[in-house]
Amino acid sequence: MDFSLTDEQRLIASTFDAFCEKELGDEYVRWMDENVDYPPDELWSKFAELGLFAATVPEEYGGQELGFVESMIAYEQICKRSMSVALAVGTAMGFGTRFLSELGTPEQKKRYLPELARGRLRTAMALTEPEGGTDVLGALSTFAEDAGDSWVINGTKMFITGAHVADLIFTVCRTERDARRSESLSTIAVPRGTPGMAMRPVEKISCHHCASVEIAFDGAVVPKDNLVGTRGQAYREIMTVLNPERIAVAMLGVGVIAAIYERCLRYVLERQAFGGPIGRFQALQHYLADMCINLENARNLTYKAAWLCDNGRPYHREATMAKLVAAEGARHAGTFGTEIFGGYGICNEYPVSMFARDAYQIQFSPISNEMSRNMLMQFQGLPKSWA
């Protein structure tokens, strides 16, 4: 069993680490968190030039066709600096590439994937609704009426990351009235500026420089050819997007734990109290020890799930475990990291406060920690516990 990185993987890690150290410094990240609701175009272009968006796009469409492990190695470096930036680029790398390369028609792939690889196409996924997110079959009511050569969409989506800047929004709708709910959903790519589509920002404590929005569809007309995947089969097909999403969200948690742990480790050696550095206090050492353990466990599970995905093996269990362990580890780091910093821990001047706030966003997204535990036991053969 070999846990070491290849030469290529080490190069990816060092390249993105150096890039993020230069372009995502604490002051700039703080400026974004206070002034913008999405990473600026200049930063986006720099990521594109570095090849980030081409990483997982097939070679025939201008991409590098790297594995999921390689893309997560690059992604980890972004997650350690800013969850908001990681969320923003993740909507393109994850939702855009996955929906199009796995489910798109040849025409959709040819039209959109080269633009995605160049960083010229921004995407979002609209699945969650006001009545719920994880309960897809029970809560989803947005309906796309078949109008012959078009779809007419009515309904509301909630907490949609980055939709306000997306060129394409992969929107999961009901399209069948009489079929079983599990065979009634379809994915439709809704272009930016579609008449009948309105958005409003959702105010939140987390991830300020990657906004979430509510989308209201009121008779929005979309071309029939914008169906992505098979009509009526989205409930099964979108698992090719949702399971990798859990791995990516787990990496967000890994980034938060690492960011807080590294800052706390430096701080306890610098901060003086009662005649010496506070790092000598047993209580603080225990907080840091738990962060260190959580970081190792979360990182190992996340990369194992990505490796399983790359090698065509089942990974739904490991992806769910990784999300759960990383999310709870991030919340722990946020809680005790702010305690280590004392009053400074809740001051915006110190990055720990931002990471602590951001950690709350992944406790319930894309699946709650409680539902993760329920599903893990269902995977082990126990009775379904939530319905």
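Coordinate-derived values only; no laboratory data. What you are looking at is a predicted structure, and each value in this text was computed from that prediction instead of being measured. Glycine gets a Cβ as well: all are built from the backbone with ideal geometry, and neighbour counts include every protein chain shown.
If you filter region 306-325 down to residues that are charged (D, E, K, R) and touching a residue at least 60 places away in the same chain (Cβ under 8 Å), you find that the one that is surrounded by the fewest Cβ atoms within 10 Å (Cβ to Cβ) is R317.
Picking from residues in region 58-91 that are hydroxyl-bearing (S, T, Y) and within 24 Å of P114 (Cβ to Cβ), the one that is surrounded by the most Cβ atoms within 10 Å (Cβ to Cβ) is Y75.
Out of all the residues in region 180-207, which are assigned to a strand (DSSP E or B) and among the small types (G, A, S)? The answer is S186, A189, A198. It is to be established whether one or more residues within region 143-159 are of a type in the set (F, W, Y) and in contact with an Asp or Glu (Cβ under 8 Å, 6 or more places away or on another chain). Yes, region 143-159 contains a residue that is of a type in the set (F, W, Y) and in contact with an Asp or Glu (Cβ under 8 Å, 6 or more places away or on another chain).
Scanning region 208-232 for residues that are assigned to a strand (DSSP E or B) and in contact with a helix residue (DSSP H, G or I) (Cβ under 7 Å, 6 or more places away or on another chain) returns V213, I215, V228. Can we say Y28 is under 20 Å from the mean Cα position of the chain (by Cα) and among the aromatic types (F, W, Y)? Considered against the rule, which asks whether it is under 20 Å from the mean Cα position of the chain (by Cα) and among the aromatic types (F, W, Y), Y28 comes out as no. Note on region 1-65: enclosed helices (runs of 4 or more DSSP H) holding 3 or more residues that are in contact (Cβ under 8 Å) with a residue 60 or more places away in the chain and within 21 Å of G94 (Cβ to Cβ) are 7-23, 41-50. For region 285-300, filtering for residues that are of a type outside the set (A, V, I, L, M) and farther than 14 Å from V254 by Cα leaves 3.
Among the residues making up region 338-387, those that are more than 23 Å from I260 (Cβ to Cβ) and small (G, A, S) are G381, S385, A387. Would you pick out the residues in region 152-197 that are out of contact with any Gly (no Cβ under 7 Å at 6 or more places or on another chain) and among the small types (G, A, S)? Across region 152-197, the qualifying residues are G155, G162, A163, A166, S182, A189, G193. Among residues of region 344-366 being aromatic (F, W, Y) and not in a helix (DSSP H, G or I), the one that is farthest from R246 (Cα to Cα) is Y350. Only residues in region 110-129 that are assigned to a helix (DSSP H, G or I) count as the first member; pair them with residues that are of a type outside the set (A, V, I, L, M) and buried (at least 24 other Cβ atoms within 10 Å of the Cβ), Cβ under 8 angstrom, at least 6 apart or cross-chain, and list the lot. Short answer, once both residue conditions are applied: Y112/G96; L113/T97; L116/F53; L116/G96; L116/T97; L116/T123; A117/F53.
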